[in-house]
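The values are calculated or read from the model by the stated rules, or taken from the named source; none is laboratory data. If you're wondering where the values come from, they're calculated on a predicted model, not measured in any experiment. No Cβ is skipped: glycine too gets one built from the backbone with ideal geometry, and neighbour counts run over all protein chains shown.
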Amino acid sequence: MDTRHLIETYHQAWTNSDFVTARACLADNLDFQGSIDTFTTADDFIAALSQFRQMLKSITLLKSFYDAEGASLLYDCDTASPAGVIRTAEFFTVSGNKISAIRLVFDATELRKSMPV
């Protein structure tokens, strides 16, 4: 599967709460670094992603860029919390036909206020 198809499959899967398909797109030793959490396994990341998805009303993809080794997506997450719409940039590294690394960047200020301490 080419990079674009892999990333599109992953993004559509998690945004539609299909975490089995999303997990299949990830390398077991996924290196995830985000604005709130970091994970070193795909299973731990998927568990957190499924919880995060529950707090979202919608996800709107704004831009996407692809090359052979990775991709970047820009999208808005409309949260059910007082955080409102969170503009998010996600950067992917692909190796061995799997997503091996994700860097997720967003302003977490308002979201952190609504999280339990």
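So the values come out like this:
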read-out: Residue pairs meeting the criteria (Cβ under 9 Å; at least 6 apart or on separate chains; first without any contact (Cβ under 8 Å) to a residue 24 or more places away in the chain, in the stretch 3-18; second part of a loop (DSSP other than H, G, I, E, B)); value: 9/1; 9/25; 12/18; 13/25
read-out: Pairs, first under 23 Å from residue 109 (Cβ atoms) in the stretch 63-83, second among the small types (Gly, Ala, Ser), C-beta under 7 Å, six or more apart; value: 72/89; 73/64; 74/89; 78/58; 81/114; 82/114; 83/114
read-out: Scope the stretch 71-100; condition at pLDDT 95 or above, surrounded by 17 or more Cβ atoms within 10 Å (Cβ to Cβ) and among the hydrophobic types (A, V, I, L, M, F, W, C); matching residues; value: 71, 73, 92, 94, 99
read-out: Subset tally (residues that are assigned to a strand (DSSP E or B), over 24 Å from residue 78 (Cβ atoms) and polar (S, T, N, Q)) for the stretch 1-56; value: 2
read-out: First in the stretch 19-36 and closer than 13 Å to residue 103 by Cβ and in contact (Cβ under 8 Å) with a residue 24 or more places away in the chain, second anywhere and among the β-branched types (Val, Ile, Thr) and loosely packed, with under 13 Cβ neighbours inside 10 Å, Cβ under 7 Å, 6 or more apart; value: 31/40; 32/38
